[in-house]
Amino acid sequence: MTLGFQIGKRGMKKNWILAFSTPDLAIEHHGIIKYVSKYQFALFSERFREIQDFFFMSAIKLDSSENHEIVEHFIAFSTGNQIEITNNNVFSLTKLSIEWKVESLKNRCSSFLDERNNIQNEINELTKFNNPEFDSFLIQRIAEQIDKAIMCPLFVSLEFPMLISIITHPNRKIRNHSLFFEFIIKLLEKYSHAAFVLLYSIDIRWLSLDELIRFFVIVKALKNGENVGISILDKLAQMNSEMESYKEKLQQIESIDFSSQLISIDQQMTDIISLLGNNINRCRKALQENCGLKNKIDKKIRRIADVVVEPLIDLENQIKKIDKSCNSKIGMLNRALKSFETTQESIVYEQREIQKIMNSVVYKQKNIDNTL
């Protein structure tokens, strides 16, 4: 049974490999058909997998403007074969990899461009206005190399919306902030108020004092509707004259002899320190005296407590005894009172009985008198 299972498992694996490598999908490009395995193509192309019922498809058409040799390289890579990436085909292969969502090929092309490190070629490719997804790919790459792009003369010739997309891209990486600031100034002089939004891309934390002053001058000029280039020159001339005035004042201040004043201040500080020292010593002595007085008071309080507390305790015990005796006598009085009340009631009852007898005797006496 074990041998049969192993043979069956090997047979299934062989059938799977055979199905995986069977060229059952026809890819047409400019009338030329290339047969490949749909399983292999689906493994590399996410877009192909997104097609409904791609498993049952037998043919697709590539509507690409690239030449057929480039498309054959793309198909070869997308079915698991090795290809050579060159300066001539890297951008075309990148477009196809983005269009058909072949991420591994896109990463290979990005690595190739990183190795060549030729930002001018990427900027030049961006001027051709390709499809939006490919342009987004290039914009991100150029934004990540913004310092190199600024140094390229072709960069400033890009369409203004394209420049804004690159400069304000979230993946933008600036290493030389002074160079970036000067480039933004050039764009402001070229596009004036239209480039006002670019000011938000400047991180003023990395600017020098002179650059920071120029930055605020430009902002003020743009807000007032002035010409940026002329305003900057005027303001810089004004600031230079102000700086000369400040330098003269600084020289005047430096020429003043502060040594005598410093000596006087030092003497005053010495006197203050000495006075504070004396006051601190007096406070310490007063504190020690107060501590001694507190100890004396505590002792007297303990003595008074010893003298007063014991008599108070004896008096309290005597009061308790008297209270107990009074309670006992009050109980006896209550009992005697109850006995008296009982006796009084008995006497009243007997008095009433005697009264009844007297009334009976008087009545009989009257009867006898009447008879006689």
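Along the Cα→Cβ direction, 7 angstrom out, place labels at Asp147 and Leu276. What is the inter-label distance in nm?
Modelled inter-label distance: 5.0 nm.
Does anyone have the angle between helix 68-77 and the longest principal axis of the chain? Alpha-carbon axes, 0 to 90°, nearest 10?
Roughly 40 degrees, rounded to the nearest 10.
If I histogram all Cα-Cα distances within region 55-173 using bins 5 Å wide from 0, what percent of pairs lands in each bin?
2, 10, 22, 22, 18, 11, 8, 4, 2, 1, 0
Which parts of region 111-131 would a label at Glu50 reach, counting a residue when its backbone N lies under 16 Å from a point 7 Å out along Cα-to-Cβ?
Backbone N within reach: 131.
Please give the residues of region 104-124, grouped as numeric ranges, whose backbone N is less than 14 Å from a label point set 7 Å along the Cα-to-Cβ vector of Glu133.
Under 14 Å, as judged by backbone N against the label point of Glu133, lie 104-107 of region 104-124.
Run the quick spin-label model on Ala286 and Ser360: label points 7 Å from Cα toward the beta carbon, then report their separation in nm to one decimal.
A separation of 10.6 nm, rounded to one decimal place.
So what is the calculated 222 nm ellipticity per residue for the chain, using -39500 (n - 2.57) for each DSSP H run with n of 4 or more, over all residues, to the nearest 500 deg cm²/dmol?
It lands at -25000 deg cm²/dmol.
Which peptide among 77-83, 336-342, 161-167 comes first, and what is the full order, when sorted by highest mean count of other Cβ atoms within 10 Å?
Highest-to-lowest ranking by the protection proxy: 161-167, 77-83, 336-342.
Nearest 5 percent is fine: what portion of the DSSP beta bridges confined to the chain is antiparallel?
Just about 60 percent of them are antiparallel.
Lysines near Lys285 by alpha-carbon distance under 22 Å, same-chain residues fewer than 8 away left out - which ones?
Those lysines meeting the cut-off are Lys294, Lys296, Lys299.
What does the extension gain come out to for Ala26 and Asn124, with contour length at 0.36 nm per residue minus their alpha carbon separation?
31.8 nm
Where the centre of each part is set by its Cα atoms, how far does region 65-117 sit from region 32-63, in angstrom?
17 Å
Top mean-square fluctuation among Asn317, Asn124, Asn171, Gaussian network model of the chain, C-alpha springs under 10 Å?
Comparing Asn317, Asn124, Asn171 in a Gaussian network model of the chain, the most mobile one is Asn317.
Placing one identical point scatterer on every Cα of region 153-193 and ignoring solvent, what is log10 I(q)/I(0) from the Debye formula at q = 0.14, 0.21, 0.24, 0.29 Å⁻¹?
Per q value, in the given order, log10 I(q)/I(0) is -0.31, -0.73, -0.96, -1.27.
Can you give the log10 of the normalised intensity I(q)/I(0) at q = 0.13, 0.14 Å⁻¹, computed with Debye over equal Cα scatterers of region 117-200?
-0.36, -0.42
Mind giving me the nanometre distance, one decimal, between the label points for Leu199 and Asn81, set 7 Å out from Cα along Cα→Cβ?
Placing both labels 7 Å along Cα→Cβ, they lie 5.8 nm apart.
Projecting each Cα onto the charge dipole of the chain (Lys/Arg +1, Asp/Glu -1 at the beta carbon, about the Cα centre), which of Gln261, His177, Gly277 comes out farthest on the positive side?
Gly277
How big is the Kirkwood radius of region 302-353, worked out from every pair of different alpha carbons and given in Å to one decimal?
Computed over region 302-353, the radius equals 14.6 Å.
How compact and how long is the chain, expressed as Rg and Dmax of its alpha-carbon atoms in Å?
Gyration radius and largest Cα-Cα distance of the chain: 57.1, 178 Å.
How large is the Kirkwood hydrodynamic radius of region 73-137, counting all unique pairs of alpha carbons, in Å?
Value: 12.1 Å, from the Cα pair sum.
Please enumerate, by chain and number, the lysines with C-alpha under 27 Å from the C-alpha of Lys364, excluding those fewer than 8 residues away in the same chain.
The qualifying lysines are Lys356.
Contour minus end-to-end for Lys320 and Leu372, with contour as 0.36 nm per residue of separation and end-to-end as the Cα-Cα distance?
Going from the current span to full extension adds 11.0 nm.
No value in this document is a laboratory result; all are computed from the given coordinates. All figures in this text were calculated on a predicted structure; none of them were measured in a lab. Using ideal geometry, Cβ is built from the backbone for each residue, glycine included, and neighbour counts are taken over all protein chains shown.
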